């Protein structure tokens, strides 16, 4: 008898489901969602700022766009995207190396532009109507991430060697003031 | 005899599907989040700065800013006449006010030539570019065709005078 009663009790216990109160978890998730939505940036620029770069603060609200990235940190080290390519002096000497490196990047980019031009207009979400130039002559974009203390002489040298390879549309990456 | 009241059962909402959706959304946002608030300032190299050849009724503004550690010299006209000299230590709002005034008189003008000194820091250049590019107040002016134009942009087309 005793065993029958205990069996019944066990069966009853099995039916009772444990309910977890997830209200607090939902609160946290909502806060996280709001925070992430606020910090969401709808740009196609994937930027990995190298070490020792203090990005200058600006009132600009223009969103960045994908292009080759040149970075100079406070130790005057020059990076192409995230790869260190040269050590510069105060006057920017050493930036000559960019001419060869950016030539390769320019060729790659121009090939991409030529492919985009060949695409039928219906499949191209953004037709290349911005420039009437041929892909080989079209000015290319370049993103500059300079440390806020970089002197203009050094900046000008980097900009000069970038423009020599057709990267003549400069975009200075800055940090928003926040809200 | 009164019967004991039955307890009203409060129907519980099934939050599982919405939780699933929120989790997926958070995962996507976490992956695409950039915690550095990044923006850009557009500029052009002097060699490719395009000048739109139009038949101007009046002389082009040809605005140029020479910036050094101590002062900002504002030049206008083809001959580069000095319009105003501003002390660098003064508040940059004076520069902004002057540019608004110039824009009001030359509403169709978009470009400015910037000539910073060699030792000028990027941070200072950026703070000046902020004053040059746009304004919060609306500027009204009349263009060459006599049309009334309202704009918030000052001189967004920035050209560096020399990069060598």
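The values are calculated or read from the model by the stated rules, or taken from the named source; none is laboratory data. Keep in mind that this is a model prediction, so the values were computed, not measured. Cβ placement follows ideal geometry from the backbone for every residue including glycine, while neighbour counts extend to all protein chains displayed.
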- Query: Among the residues of segment B:110-127, is there at least one that is outside any strand (DSSP E or B), touching a residue at least 12 places away in the same chain (Cβ under 8 Å) and over 28 Å from residue A:91 (Cβ atoms)?
  - Reply: yes
- Query: So, of the residues in segment A:45-73 that are away from every other protein chain (no Cβ under 11 Å) and in a loop (DSSP other than H, G, I, E, B), which turns out to be nearest to residue A:146 (Cα to Cα)?
  - Reply: A:73
- Query: What about residue A:80, is it under 16 Å from residue A:143 (Cα atoms), within 14 Å of chain B (Cβ to nearest Cβ) and at pLDDT 80 or above?
  - Reply: no
- Query: Out of segment B:84-142, which residues are over 30 Å from residue A:154 (Cα atoms) and touching a helix residue (DSSP H, G or I) at 6+ places or on another chain (Cβ under 6 Å)?
  - Reply: B:139, B:141
- Query: Name the residues in segment A:135-179 that are at the interface with chain B (Cβ under 8 Å from one of its Cβ atoms), closer than 19 Å to residue A:99 by Cα and assigned to a loop (DSSP other than H, G, I, E, B), would you?
  - Reply: A:139, A:168
- Note on the structure: Subset of segment A:83-100, residues in contact with a strand residue (DSSP E or B) (Cβ under 9 Å, 6 or more places away or on another chain) and either modelled with pLDDT of 90 or more or more than 14 Å from residue A:159 (Cβ to Cβ) (or both), comes to A:84, A:85, A:86, A:87, A:90, A:94, A:97
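Among the listed residues B:145, B:150, which satisfies the condition of being free of Cβ contacts under 8 Å to residues at least 40 places away in the same chain and not in a strand (DSSP E or B)? Walk me through it before giving the result.
Working: B:150 fails: not in a strand (DSSP E or B).
None of the other options fit; the residue is B:145.
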- Message: Need the failing condition index for residue A:33 against (1) facing chain B (nearest Cβ under 10 Å); (2) loosely packed, with under 14 Cβ neighbours inside 10 Å; (3) out of contact with any strand residue (DSSP E or B) (no Cβ under 7 Å at 6 or more places or on another chain), just the number.
- Response: (2)
- Item | Considering residues of segment A:74-86 that are surrounded by 15 or more Cβ atoms within 10 Å (Cβ to Cβ) and in contact (Cβ under 8 Å) with a residue 60 or more places away in the chain only, the residue farthest from residue A:148 (Cα to Cα) | A:78
